[in-house]
Amino acid sequence: MRKAMQAGIVAAGFAAAFGFFGQLGDVPVALAAAAQPAAQTVGAGQAALVQALLAKENGSPSTAGTGQRALSGVALPVRTSQAKTAQPGAYPMPGTYEISYSHIRLGSATPGAEIHYTLDGTKPTQDSPVFDPAKGAIPILEFGAGASQKPGTEKTVVVKAIAFSKGAAPSDVATLRYNFVVHQPGYFSYEVLREAAPDTPALIRISDYARVNMFLVVGSQRALLIDSGLDAKGDLYSLIQKLDGGLPFDVISLHGHADHAAQTQNFLDKHIKVYVPHKDLSWFGDNIPQGTLDPQEGDKFDLGNTVLTAYAVPGHTVGSLVLLDAKTGDLYSSDSLGSNDPLGPNSGLLDDVGLECSMDRYYTALVDLKHKLNGRAKRIFTGHNPLPLDIKYLDNLIATVKDALDRGESALVPSIRPPESTYGSTTMFGYGDYRVDPNSVAINPKYLHAKDALENPPKIIKGYLGPKTRVYPKL
């Protein structure tokens, strides 16, 4: 009994000295720190008893030696083990996605860790491929011409990764399972972003099987469909009739790329007015639609309770436009201002053949746009990001292009997208990290200055190597 009382007293003194709740060996320790007086000093006799209790708990001699530290006269053991490299992870996180393409980025909390991975579920070793940020994210799902993944299918990809670092043991193997659903052409989903009000239009985002954005603005008298997606086969016309309540509607594609204007002929066949920048008609190849209207800067689309105004922003293509709804502050940009969708990830491409698609001409167009917007835009709806961007993104974009012009190729960084999805671009100009900053910027350009395109041979930005090249430059 006496020994038990002594142990309890020492334990209480130990708790008072170190201020915690818990249990030391078989002796309960309970201390309300706020109710206790100043911590007491542990004496030599008490220290010896505490050391003995600790030694019993840890199965080691009670003397203070290597691997222990002294505190208030008590030698406390420090448990040591061989350093181990942190287990790697990926962005985006594993899960199920309705998406037509995906690239992942691997990382580890251990600085300088080298990450090896496999894409077939087998165990990675030091002989497995190494994740190299300079080569962009790792493509794990692609579809389209030449790709193995076809619309209307599901696919599971099991990525396994292990990290190695100098002076440490290898990490545990991370197993990252991704399930992808790629819908059939004809599949459309939609979400209501804003309900209609007497003085405000309704706004509906529509997504096709390739996860390309379209926006339906429903006014009090008319509706306007902004972009018509990649799906040329689906019955988008009938869906619009249902969603706008039977109002008459027009269609505008803000540039001529196939993933934003595929339904052009279908709507023309239904006698719907379709606006497509005629400077971009060459992108239709041999199937240029007849009867489209050519939207110009300053054109207004009156929907009854709101009016949208067109502004030219050449860069992504020669004919690229944006639309501003000054009443709501909504700016619809398609690909004209890039698309920083983090799930892709995505970026802005400036690789059209026109001189307007150089970085210096693009900068002029962006500054001109900001002046014309005059603070009326509050948010940006792009062609690929399902979430709107804050108008701050436009400032970040302008600053990124200006920095590129000021510093030239020294401002280049490795592309966040692999060359398979950037027509061979392995470098980019950027701002922020797309994983943590929703207003980050990434631009994959071809020419820094318009005059570069006129040189013989053309002066192409370092790292823009063409669609079939897989040689990466040293930055």
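Using a simple charge model, +1 on the beta-carbon of Lys and Arg, -1 on the beta-carbon of Asp and Glu, nothing else, what dipole does the stretch 188-454 show about its Cα centre, in debye to the nearest 20?
My answer is approximately 420 debye.
Taking the DSSP beta bridges in the stretch 188-454 as the whole, what percent of them are antiparallel, to the nearest 5? Display every interim value, and only then the final one.
On the way: 35 of 49 bridges.
About 70 percent, rounded to the nearest 5.
Go through the stretch 144-233 and name the GluC sites (Glu not before Pro) that are in a DSSP coil and have 14 or fewer other Cβ atoms within 10 Å of their Cβ. Don't skip to the end; give the middle numbers.
Numbers: sites: GLU154, GLU191, GLU195; in loops: GLU195.
Sites meeting the loop and neighbour criteria: GLU195.
Take peptides 340-353, 227-240 and line them up by average Cβ neighbours within 10 Å, highest first, as a rough protection proxy.
Values: 340-353: 22.6, 227-240: 20.1.
Highest mean packing first, the order is 340-353, 227-240.
Determine the sum of side-chain charges near TYR97: Lys and Arg each +1, Asp and Glu each -1, restricted to other residues whose C-beta is under 13 angstrom from that of TYR97.
Working: positive: LYS155, ARG177, ARG211; negative: GLU98, GLU154, ASP341.
Within the 13 Å Cβ shell, the charges total 0.
Within a 10 angstrom radius of the beta carbon, how do LYS242, LYS462 rank from fewest other beta carbons to most?
Details: LYS242 9, LYS462 16.
By the 10 Å Cβ count, ascending: LYS242, LYS462.
Amide H of LEU193 versus every other amide H placed in the peptide plane: which residues, excluding those fewer than 5 positions away on the same chain, fall under 5 Å?
Answer set, sorted by chain and number: LEU203, ILE204, ARG205.
What's the local net charge at PHE381, with K and R +1, D and E -1, over the other residues with C-beta under 9 Å away? All intermediate terms of the calculation are to be shown ahead of the outcome.
Values: positive: ARG205, ARG379; negative: ASP330.
Spelling it out: positives minus negatives among the neighbours equals +1.
Quick check: pseudo-label points 7 Å beyond the Cα along Cα→Cβ at VAL367 and LEU293, how many nm apart are they?
3.4 nm
Only the coordinates and a few stated rules stand behind these numbers; no lab work does. Fair warning: this is a prediction, and the values are worked out from it, not measured in the lab. All Cβ positions, even for glycine, are placed from backbone atoms using ideal geometry, and neighbour counts span all protein chains on display.
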